[in-house]
Amino acid sequence: MTAASLPHAAAPLSTGAAAEPRGYRADIAFTHADFTRIAAFAHREYGLHLQESKKDLVYSRLVKRLRKAGCPDFATYCNQLEGDGGAAERVELISALTTNVTHFFREEHHFTLLSDLVLKPQADRLRAGQRMRIWSAGCSAGQEPYSIAATVLELLPEATRMNIRILATDIDPAILARARAANYPAEEAKGVPDRLRAQMFDRAAETSAQVQVQARIRGLVHFAELNLMADWPVHGPFDAIFCRNVAIYFDKPTQARLWQRYAALLAPGGLLCIGHSERLSGPATAQLDSVGITAYRRNASPAGALGPPGPDVPTVP
Ligand SMILES: C[S@@+](CC[C@H](N)C(=O)[O-])C[C@H]1O[C@@H](n2cnc3c(N)ncnc32)[C@H](O)[C@@H]1O
């Protein structure tokens, strides 16, 4: 996606009606009504919170889509988006309005907490065949779940034979295809701690330009498409959930609901890691105790009225 930037995008251009803002095409108008319709749709379907101050940014991102879709104006584009045949364009919309920026071991302290608070205390239980589930929600191109898998394998080299699964989900099928390919520019390998680099990438598949994540790391991760605003066909409890730099796009009530849904799915003592500029809010604050920077553990207070989780996703046994 494009704009982790959206909430923090560079200074917005003028939104006044009098002057045509820079970047506007004379032949394609973007009225207040057009913006409101797009914003309402993005909020309803994806939880995105598009402020009026981002109107020009939204225009510049979407006008390219209009051209590609052959739409003469935004009203036609919205009709297409909202119509039965709009599924493919809806994916393009979310992709245009958000960003996929990520990297290996982003906020490395979260991986240390995963190891110290979740993996080490449960190592014996796991060796005895017990189950562990970790979820990377909003996983983008896969660097986050692969970093989780490398952390697991560092402590438990036999993890591929254990009952450990990492579920990695994102709304964007194109970014999930890249995640599954597990092939990255060699430059990105620098983000992996020195001690783990040799275990992370496949030497035989390496070129000067590209690195390939090792098969045993890939084998722990199960990718699936999932819109966090829709039903979650996932089966808890989870021992850890990473949802970092995703909720930043959502408004406050949507964020609070999201944290509450995670709290309901976490096992007692389970770890929740969120993005560096995100804050816990709502009922979940009573269920999650801070254990570090933007990291929380599920305490013993009742889950609230969310009800039991749905059935398992087929890709996650
Ligand atoms: C900035 S990336 C974060 C990647 C990773 N978690 C990290 O922190 O490095 C945000 C990701 O959230 C995904 N996303 C945005 N809205 C979503 C939604 N409603 N449901 C699921 N994923 C969403 C985007 O497709 C994108 O890949």
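The values are calculated or read from the model by the stated rules, or taken from the named source; none is laboratory data. These numbers come from a predicted model, not from an experiment. A quick note on method: Cβ atoms are made from the backbone with ideal geometry, for glycine too, and the neighbour counts reach across all protein chains shown. When the accessible area is computed, the model is the full protein with side chains, heavy atoms only, and any ligands, DNA or RNA have been set aside. Shrake-Rupley method; radii C 1.70, N 1.55, O 1.52, S 1.80 Å.
Observations on the model:
- Subset of region 129-155 (residues that are of a type in the set (S, T, Y) and either more than 14 Å from the chain's Cα centre (by Cα) or assigned to a helix (DSSP H, G or I) (or both)): Y146, S147, T151
- Selection status of A182, open to solvent by less than 30 Å² (accessible area, probe 1.4 Å), small (G, A, S), on the phi > 0 side of the Ramachandran plot and within 16 Å of the ligand (Cβ to nearest atom): yes
- Filtered by the rule that a residue be more than 13 Å from the ligand (Cβ to nearest atom) and either hydroxyl-bearing (S, T, Y) or in a helix (DSSP H, G or I) (or both), region 226-261 gives K252, P253, A256, W259, Q260.
- Residue within region 89-96 that is within 14 Å of the chain's Cα centre (by Cα) and either within 10 Å of the ligand (Cβ to nearest atom) or open to solvent by 10 Å² or more (accessible area, probe 1.4 Å) (or both) present: yes
- Of all the listed residues (E158, E107), the sole one being under 30 Å from A186 (Cβ atoms), within 16 Å of the ligand (Cβ to nearest atom) and of a type in the set (D, E) is E107.
- Test for D116: is it touching a Leu at 6+ places or on another chain (Cβ under 9 Å), among the acidic types (D, E) and in a helix (DSSP H, G or I): no
- Meets criteria (over 21 Å from the mean Cα position of the chain (by Cα) and assigned by TED's automatic domain parsing to the domain that holds F250) for A198: yes
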